[in-house]
Amino acid sequence: MITEDYLKNKINEPLENKEKLIALRKAFKTTRDRQNENKVLFPDLNERKERLKKIRDFSIGNKELLSQAIKNFEKNGFRVFYANTKKDAVDFILNEMGNEKLVVKSKSNVTKEIGLHEHLEKNGVEVIETDLGDYIIQLSTEKPAHPTGPACHLSRYDIAKIFSESFNKELEPDPLVLTKIGRQKIREYIEKSKIGITGANAICAEEGAVIIINNEGNINLVQMREKKHIIVTSIDKLYPNIEEAINMLKLCTYYATGASITSYIEIIAGISKTADIEKMLFKGMQGPGEVILVLVDNGRTEALERGYKNLFYCIGCGNCLLDCPVYYVVGNEYGYKGYLGGRGTSASYFLENSDTSLENGLFFCTTCNTCEISCPVGIGNAEYSERLREDVSSTGILFPTHEKIMENIRKTKN
């Protein structure tokens, strides 16, 4: 049972540890400054956003488009598994591990959503995050603070302490030194692993292709593991074709980091193959022997049917967090796993349950709708937050403060 005191503590805790909030705000200011510097590179920014919004509206919940995507993925040699629930997804992936006891993975909010990391480790599989920010979070007890910069709330001193404790070696708080140590440790695990797990930024129906963006180069290493590349993503990552997905990726990069494009754009449209010797086809040449696509529903279809489609327009840029007054005050205590802020809290109602949504800040939203202005596809959380609060309240959950407000309204008629 979620109590009012529990929620008050969630708010008070970050306020008592302002160093992390200061680091978070500094990182957000840097992103906003870069956006302002590079805005000149997007003279058609508004047109791009409108184009993306129309494509998201067309694609999400489009069963024919999803069916076309699955058909073309299978035609290209992917094994495709549709997971109705998080349990379906986890059970399938656990089975795919076989006898392997080590897996490397890249940043993926969907894997966080289904609790894949925890389930794999519970079943004796060591999981290593290969994105430096996620690796730092893995070694600590921290929560991620931004979709693309999960450790942005931690200072160099915090990270030096985390690394020193994890590696039993005193390390100086030098960003360059810490980055090199992180790279070395991650690379050691990558070289030993035979299975790689990634997420996906887009699944493209016409081509039967997956697109993944990154700056660190870790995706290329993870997806090239010898045995299998398992791609775990959700049905709302659907786009009609690569052209529309690229438009999304450019906007996502700009709003997430302020840059105009990422260092790497991986387009995967099948298994590596060759027919150089007498035209005999050989699959799994330099890449993995299998490429597996896991498409996760986990409450999304229900959300769409209940009129919450707009919640899943999200492209994961995190721009809404930069302007959210609640996130400015409580940071990553507001949100659900990798889905941060008001949008994540509302989405968790369907991805998990009402208690989870309540626990992660359903009643924190001020309904100012600043997020709608910040979001490149215009997701405003206020309406959804109010509707879901009504749903929760109708089950009999009412906090003492709310009861006092209601009593005052009855007394004063105002």
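The values are calculated or read from the model by the stated rules, or taken from the named source; none is laboratory data. For clarity, every value in this text was computed on a predicted model and none was experimentally measured. Heads up, the Cβs are rebuilt from the backbone with ideal geometry, glycines too, and the neighbour counts pull from every protein chain shown.
Would it be correct to say that Thr141 is β-branched (Val, Ile, Thr), out of contact with any Lys or Arg (no Cβ under 7 Å at 6 or more places or on another chain) and surrounded by fewer than 21 Cβ atoms within 10 Å (Cβ to Cβ)? Let's see the steps before the verdict.
Working: β-branched (Val, Ile, Thr): yes; out of contact with any Lys or Arg (no Cβ under 7 Å at 6 or more places or on another chain): yes; surrounded by fewer than 21 Cβ atoms within 10 Å (Cβ to Cβ): yes.
Taking the combined requirement at face value, the residue satisfies it.
Sort out for me the strands (runs of 3 or more DSSP E) sitting completely within the stretch 182-271 that have 1 or more residues that are within 24 Å of Leu304 (Cα to Cα) and of a type in the set (Ser, Thr, Tyr). Walk me through how you get there before you give the answer.
Values: elements: 195-198, 202-204, 209-214, 228-234, 264-268.
Hits in the stretch 182-271: 228-234.
Please give the number of the condition Lys122 fails out of (1) within 23 Å of Lys227 (Cα to Cα); (2) in contact (Cβ under 8 Å) with a residue 60 or more places away in the chain.
Lys122 satisfies every listed condition except (2).
Of the residues that make up the stretch 374-396, is at least one at pLDDT below 80 and in a loop (DSSP other than H, G, I, E, B)? Please lay out each step first, then the result.
So the first thing to find is which residues in the stretch 374-396 are at pLDDT below 80, and the list is 396.
Restricting the remaining residues to those that are in a loop (DSSP other than H, G, I, E, B) gives 396.
Within the stretch 374-396 (the criterion being at pLDDT below 80 and in a loop (DSSP other than H, G, I, E, B)), the answer is yes, since at least one residue qualifies.
Which one of these does Gly124 not meet: (1) on the phi < 0 side of the Ramachandran plot; (2) out of contact with any strand residue (DSSP E or B) (no Cβ under 7 Å at 6 or more places or on another chain)?
For Gly124, the failing item is (1).
If I ask for residues that are modelled with pLDDT of 90 or more and among the charged types (D, E, K, R), which ones from the stretch 280-296 would you list?
Selection gives Glu290 alone.
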